[in-house]
Every structure is written in structure tokens, then in C-alpha cells.
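The values are calculated or read from the model by the stated rules, or taken from the named source; none is laboratory data. All values reported here derive from a predicted model rather than from experimental measurement. Every residue, glycine as well, gets a Cβ built from its backbone with ideal geometry; the counts of neighbours run over all protein chains shown. Keep in mind that these areas ignore ligands, DNA and RNA; they rest on the heavy atoms of the full protein, side chains included. Shrake-Rupley method; radii C 1.70, N 1.55, O 1.52, S 1.80 Å.
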Amino acid sequence: MIRDFVTTFFSAVCPWLALVLCLQRLAEGARARRGFRLRGAGLLVLIGVVALAVMLIRIESVAIARWIAAVNANFSVPLTAALAVIVYERAFARPVFFPSDWTACWSFGAIGSVALYPLALGLSSVDPYEWGWRFSPLFVIVAVITGWLLWKQNRFAWLLLLAALAFHLRLLESTNYWDYLLDPIYGLVSMVALTRQWITARAPRRVPPGPL
Amino acid sequence: MSHVASIAELFGGGLAAVWYAGSREGAGDVAIYFSVQSSDDGRWSPARAIVTRASAARELRRYIKKVGNPVLFSDAEGRLWIIYVTVSIGGWSGSSLNVTMSEDEGRTWTRSRRLTLSPFFNLSELVKNAPVALSDGGWAVPIYHEFIGRFPEMLWLEHRGEDIVATKSRMSAGWYGYQPALTPIDAGRALALLRDDDAPRTVSMARSEDAGHTWSAPERIDLPNPDSGLDAIRLTDGRLLLAFNDSPDGRENLRLAMSVDEGRTWSRIATLVEERGGDFSYPFLIQARGGDVHLVYTWQRKAIKHIVFNPAWLDERWSRTTR
């Protein structure tokens, strides 16, 4: 019963953060046009409560959060934590991630998705998804990446540590480590972000990489 | 419409069966029905809906568009288990698998539990045939995937306390048959017979030498398959029995074939039903403790039929075929 509650709760965190981010953007637009004064922690709390209320709206007896869970109940920890970082940075105008942290975040999502999804959907007889059920080379590879990022003082390493902790605590509906590291939306977002970085890098005026 | 039946022997005697039925396949009124056959008079109880779209949505706490493909089996402690399919978006290739269990021979069922078996939105995991009990108390369940690639897989289920632990392994990749029927040969070896949707429309077969953890590439055998479900069991005397549609392009018959050499050769031994324009499909076989073989199948997509035959009848059919 407790596990059901925990997995239900965590399946809603990522969509809730995505909605908070959208509302933040709307609030920033309103502030620019209409002199909307609320900002910082006050605005974040207000937006968080509004987003929570939206997630709890029931349609055909199912809350919107659970409609989203019908499509994806296992949002990866890096995507969820990256959204939390973006929301925090927007709310308090304080950078948490440096450009190299974002590059690591999007590279991990993009490369991991390319390595996982085609094979898991039947491209070859090797199914890397099997490696996520129990201790396997996947755990060693992720541990090495995490250690290397920590040594490089890259903050994306903390997101990988959070993913390992969440897997250990079984915070998601899935019991497969891959689902704590990656999800298709994270993969897609990562590819879009890397493409944007690449286009920006090729443009005459260089802008450092950052959140979407 | 009634479709995809499965049958299991109850701990205290008698049989239970499940299938899905409704106004049409995939309709909102489709539910999973349950019935028990009394060991006293052989009558089947009135069918009772045990999983509906609404009950699945409530128990799984999410939108459910349709339910289907229930597979019923019983364990050594007398519990009944059902693995069934739900779809939230899209067609059958958008399926996910769920488990429910009964400790009182089907009178009440536990809250359904969703199994996460695919990294891509947990899409496209389906089941059709019976699992095989493992010596450690777990189950090897033949399942299949049909989104982009269509291939057979093994679901490994364990019941640890209140928790159900599910893992999965690949039988083959790409587009090599699906809806595996799992048939153990001995403690280490097993066969999987596969439905095929590709030319030349024959049954395929894969072999495992390590208790189902790895499989040979599927090879075609000399029996046709009209892209239709089949089932096979190993009888207590070691012979293999296969129920299948004996045609490359239709479901107008349902036949039995037998193998005495671990699936290398098959002989047709009986025609169970044959009718021009008929639709007889999705056979499901078990051998009960007393030796009788029970078969349930979809009759004209309108009803579920149950046939019983004893070992003596199988012997007689086999000797007539090989005479």
C-alpha cells in the first residue's frame, strides 16, 4: 500500500514540474506586460499550488496526473531533477547547473536513448533492457560515468546518484534501473537540446549551452 | 464476441476458465469473464465479469481504454492467477500486462498490479499462452512484443511475500513469430512453438537448453499457420500435443498434432472442428492431474468451447495415425 502511494506520487512529480515550468513562463510574460509583481519563492509557491490543483482535476473519475501516468508512469530521475533545477533557476535567478553540467545531462539522455530504445524494440537479439533488472554491466558503466563526472566536478553526477538512490528505494512503478536513468521524453528533450546547442555553436555569436 | 480463453485446474478439484467478451473486440463494454466447472456435475457456472474497463482503471489508477487476453493459471498453494492485457492508448500494440490473484478459487481477486516490462512507455507486452511452473516457485510466462518489432519473450514472475517480482528476457529479435506456446521437455530443455504472420505461413519453433534463459533462432516446422494462435503441452508420458489451425490462410479448422521425438516431427491425429467459413481459434490446452486433457477455444468469435479428451482417446488416435 505504501509502495503504491510512493510510486503514484513520484509518477506525478515530473508532469507537475513541467506544468510549474509552463506557468513560470506565463507568469514571466504577465510580469513583463502587466507589471505582475509576485516573484521568487512567493510566486513559486503560488504556481506550485495552482499546478497541483490542475494535476488533481478529475476527468472521467481519473485525475489528470493519472491520465499522464496512463501514457508514462516512469519519468526518469534525471529528467525530473533537471526540471527541478530549471524551475529553481527561473524562480530565484540563481544558476545551479553550469553549461558543462547541461551538456552532460543532455548527452547522457541522447546517447543512452540511442543505445537503449532501438535494441529494446527488437533491432537485434540483444536486449539491453534486461541489464536493468539486476546487477549487470549497466550498473558498472553508470557508476564509472558517475565517478568520472564527480571527479570533473560536473553536477549532473548528482542526478545519476539520485537515480541510483531512487532505484534502491524503488520510487517508481518500474523495478528496472534503465527506467530510473532514461525515459523516451528525456531522450527526445536531450536530442532537441543538443541540436539547439550544436546550431547555436555554429552561429556567428556563441551562446553558452543551458536549459531549454 | 467472446475470445482468448484459458483454463486451469482448481486445487480442490474442478476447473476454472477466463476469457474476454463484449459487443466487439476492443469495445468499452469488453470485460474479462470467469467461470468454474463443478467437479460433481460438470456444469459451468454462469460467467461473471471479474475485470472491467472501469475496475481496471480504478485498480491501476489510470485511464484504461480496453482489456483483453487473460491467461489463467493455478499455483501449488491453490491460488489462481490471471495475467491480462490493458490498453490505454492505441491498439493492441499499446498493451501492458497486469496481474491479479485469488486465494479463494476465484470468488475474490486482489487489486491488479501493473507490470513494467518495456522501456518505451511500457508499451506492447502481450500474453496468450500458459506459463510453466519453475522449481523455485516462480513462473516462466511466454509473452510477446509487437510494437515496431514483433518477437517472443519470457516473463519471469516471482511471488515474494506481498510483492510480485517481474523480469523479462528476449527469445528472439525482430520479426520471428509471436504468441509463444512454452513446452518444457525436461528440467533444462524446452520448446517454444510460435504463431507466424509472414510467408510461408508455417508454425515456427525455438529450443532452449538452459531452462528458457536463451533460445535458438526460430525454425519453421512442417505445419501451416494462418497467423493464428496455437498452444502446445507436454503430456505426462512425454509426448507433445499441439492444437492449431491446419491451414496457411484460414481458421476454418482446429486440429491436434502429436510429436514423440521432442518436436522434430509432428503427426496430425485428430480434427476437433472443421466448417467452411468457420472461425475456430486461440486454443488453450492443459492436462489435469487425472490425465484428462482440456482444450478451450474461441468458437466463431461468439462463444468459448470446452473439449475434454482422455489419454486412451489420444492413444487410439495416435495408433490410428501411425498404423
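A few notes on this one:
- The orientation-averaged projected area of the convex hull spanned by the Cα atoms of the protein assembly as shown comes to 28.3 nm².
- Cα→Cβ-extended label distance, 7 Å offset, between A:VAL144 and B:ASP315, nm: 6.2 nm
- Cβ-Cβ distance of A:ILE2 and A:SER136, R₀ of 30 Å, FRET efficiency by 1/(1 + (r/R0)^6): the value works out to about 0.60.
- With 10 Å bins from 0: P(r) over the stretch B:113-158, alpha-carbon pairs, percent: 26, 52, 20, 2
- Minimum 30 Å² accessible area buried by the other protein chains, the stretch A:119-147 residues, probe 1.4 Å, relative to alone: A:ALA120, A:LEU121, A:GLY122, A:SER125, A:ASP127, A:TYR129, A:GLU130, A:TRP133
- Cα convex hull of the stretch A:109-173, projected area averaged across orientations, nm²: 4.9 nm²
- Of all lysines in the structure, the ones whose alpha carbon falls short of 23 Å from that of B:LYS305, not counting any fewer than 8 places away in one chain, are B:LYS128.
- For the stretch A:1-73, the dipole from Cβ point charges (+1 on Lys and Arg, -1 on Asp and Glu) about the Cα centre works out to 420 debye, to the nearest 20.
- Dividing the convex hull volume of the alpha-carbon atoms in the stretch B:135-198 by its residue count gives 87 Å³ per residue.
- Value in Å of the Kirkwood radius, where the stretch B:255-298 supplies the Cα pairs that are averaged: 12.3 Å
- Each of B:TRP44, B:TYR63, B:LEU15 was placed along the dipole of the stretch B:1-90 (beta-carbon charges, centred on the mean Cα), and the one lying farthest toward the positive end is B:TYR63.
- Rounded, prolate or oblate (a/c below 1.5 giving rounded, otherwise prolate when a/b exceeds b/c) for the stretch A:1-73 by Cα gyration tensor: prolate
- Cα centroid of the stretch A:86-149 to Cα centroid of the stretch A:171-202, whole Å: 7 Å
- Simple spin-label estimate for A:ILE59 and A:ALA41 in nanometres, 7 Å along Cα-Cβ: 3.5 nm
- Here is how the number arises for chain B: DSSP H runs of 4 or more residues each give -39500 (n - 2.57), the sum is divided by the residue count, and the result at 222 nm is -2000 deg cm²/dmol.
- Here is the P(r) of chain B: all C-alpha pair distances, binned every 10 Å from 0, give 6, 28, 38, 23, 4, 0 in whole percents.
- Here each label is just a point 7 Å from Cα along the line to Cβ, and for B:LYS302 and A:ARG31 those points are 6.9 nm apart.
- Qualifying trypsin sites (Lys or Arg not before Pro) for the stretch A:36-130 [loop in DSSP, other Cβ within 10 Å: at most 10]: A:ARG37
- Check: chain A dipole with +1 on Lys, Arg Cβ and -1 on Asp, Glu Cβ, in debye: 1140 debye
- Per residue, the convex hull spanned by the alpha carbons of the stretch B:262-323 comes to 113 Å³.
- Rounded Å value of the spacing that divides the Cα centres of the stretch B:263-323 and the stretch B:76-119: 27 Å
- Links that overshoot a 28 Å alpha carbon limit, given the list B:LYS65/B:LYS168; B:LYS168/B:LYS302; A:LYS152/B:LYS168: B:LYS168/B:LYS302; A:LYS152/B:LYS168
- Calculated on alpha-carbon atoms, Rg and Dmax of the stretch B:47-144 in Å: 13.3, 38
- Exercise: per-residue mean of other protein chain Cβ atoms within 10 Å, A:67-79: 4
- DSSP loop chymotrypsin sites (Phe, Trp or Tyr not before Pro) with at most 15 other Cβ within 10 Å: longest gap in chain A: A:37-134
- The Kirkwood radius of the stretch A:76-212, taken over pairs of alpha-carbon atoms, gives through the Stokes-Einstein law at 37 °C and 0.692 mPa s a diffusion coefficient of 210 µm² s⁻¹.
- Contact order for chain A, expressed relative to its length and based on alpha carbon pairs under 8 Å spaced 6+ residues apart, stands at 29 percent.
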